[in-house]
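Read-outs: derived from the displayed coordinates by stated rules, not from any lab. Computed from a predicted structure; not experimentally measured. Neighbour counts run over all protein chains shown; Cβ positions are idealised from the backbone, glycine included.
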Amino acid sequence: MLATAHSAVLVGLAAHPVRVEVQAMRGVPSFELVGLAEVAVRESRVRVKSALAQLGVDISECRVVVNLAPADVKKRGSAFDLAIAVATLVSLKLLPDEALGDVLFLGELSLDGTLHPLRGVVAHLLAARERGVARVIVPAANEAEASLVDGIEIGIARTLADLVESLRGELVLPRPSSKLEAPRTLAVEDLGDVRGQSNGRRALEVAAAGAHNLLFMGPPGGGKTMLARRLPGILPALARDEALEVLAVHSVAGLLGGSPRMGVRPFRAPHHTASDVALVGGGELSRPGEVSLAHNGVLFLDELSEFRRGTLEALRQPLEDGFVTVSRAQGTMTFPARPMLIGATNPCPCGHLGDGSPRCHCKSENIRAYRSRMSGPLVDRLDIQLVLPPVDVLSLRGKSSAERSCVVRARVEKARSIQRARMLAGETVASANAHLGARDAERVCALDAASTKLFEDAVRRLGLSARGYGKVLRVARTIADLEGTTAIKSAHLAEAISLRVLDKTDRAPTADAA
């Protein structure tokens, strides 16, 4: 008889439902699998035969035909093993018809019938919940990440034998128990450890408060990396919807581990030798890249000018759109990609330009070539651009009196709550100022006459692009939110303009000039 079970295949983060149709009958022994299945899927016949043999079911004398529908979607991975095995048992009338019902089966079988863990369980469960699936069976090894998704019935199976007993009504499969850790960042570096660099600390706070991209330029040892690595400690914990997006990406990449942390913002810091594929995703299996793994968190690119220019250029579209689409021969996949990008670079090849010492002997053409590795369009997408001066060595002595991360984080959380409240009230569609659309920015970033005059002078003096104009407005809105004021004042705008001046020779207008 024909039996149909339900499973799914991941294409990027999208889980496409797959019908597993099995017809098992007496005849010339064979095991045929059709439906655009890749090698890992075709090999399931060996695992299924062995796992069924452990239950005392011998299909070596049966003709088994498995169809994975729809046939025009490539099937990859090993998640279909469980559905094939269960549908085969129903087809042989060893399980009742109603055992399949509205159940989604996910699991890879070992030869002894044990279920191995899968990648992408969070993404599968979120998609199943959206489709209205009644119940999902997942391997016990995926229990921790399965516990993150509510609103859907989930059964935890350790072996095929346990599942068969459950489908016969002889055993009740356990539900996932919560194994979440406290929703707090894991960062141990504290902002209070940073000596001097008051402008850098302020830029970091503003960036955190509005989810703005940030570029630090300065000589070696100026604190660029030290500041960037303390950013996670001042960011607010993830909201539940944000956390599920992050966990879905990391689940597809196989990076969740045994005890996922629900509220932790990711921090990714790839080496400057990273390839285009490593940064934006792709490869033979089309996995998410660093820009997606840092979604809703921080992507730190240290020594930004040492990255290959082509690699950096691949970031332009994700930074603008908030997602990355990977097109390969095997298909097109889309991953979310909305991190805070923090870049750190030296001002010249030797690094000592502008540090007040005579050590820099770089020629002007070498400096231009060095900086040109960061293209104008890419730098224009970085909301805050700040030159950090050398640290006064004398300031490193004695006990630090700088604010701790917890103090700064409290202000950041307050500013973020203001932005989220605007979104919930319907004023904007974004929960952070950096992601405001053009219409939303025009509505919530209105300027008075004095601020408008100040801004016009700055645009003429600094030659801001249309994108740069919008970036400054959004940063000014964030500075006003940090102060808890509804209107953007001239002082807020002047500070935002000063945080956009990368060249030390440029001078931004002040509020007094308005």
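With respect to the chain, whose longest principal axis is taken over its alpha-carbon atoms, helix 121-131 is tilted by about 80°. The residue list 73, 447, 35 was ranked by how far each Cα lies along the charge dipole of the chain toward its positive end, using unit charges on Cβ atoms, and 447 comes out on top.
Taking the convex hull of the alpha carbon positions in the range 2-167 and averaging its projected area over all directions gives 8.4 nm². Rg/Rh, computed from the Cα trace of the chain with Rh as the Kirkwood radius, has the value 1.08.
Report note on the peptides 367-375, 151-159, 298-306, 384-392: ranked by the mean count of other C-beta atoms within 10 Å, highest first, their order is 298-306, 384-392, 151-159, 367-375. In this structure, the amide hydrogen of residue 215, modeled 1.01 Å from its nitrogen in the peptide plane, lies closer than 5 angstrom to those of 343, 384, 385, 386, counting only residues at least 5 positions away or on a different chain. Report summary: the helix-based calculation at 222 nm, which adds -39500 (n - 2.57) for every DSSP H run with n ≥ 4 and divides by the residues of the chain, gives -10000 deg cm²/dmol. Cysteines in the chain lacking any other cysteine Cβ under 4.7 Å from their own Cβ: 62, 350, 360, 406, 445. The long axis of helix 405-424 is offset from the longest Cα principal axis of the chain by roughly 70 degrees. One compactness figure for the range 15-95 is 1.02, namely its Cα radius of gyration divided by 2.2 N^0.38 Å.
Put simply, the amide H of residue 428, placed in the peptide plane, has neighbours under 5 Å in 423, leaving out anything fewer than 5 places away on its chain. Per residue, the Cα convex hull of the range 384-456 amounts to 160 Å³. Ranked by the mean number of other Cβ atoms within 10 Å per residue, highest first, peptides 266-278, 463-475, 83-95 order as 83-95, 463-475, 266-278. In plain terms, the C-alpha convex hull of the range 191-407 casts an average shadow of 13.6 nm² when viewed from every direction.
Summing Cβ point charges (Lys, Arg +1; Asp, Glu -1) relative to the Cα centre of the chain gives a dipole of roughly 1280 debye.
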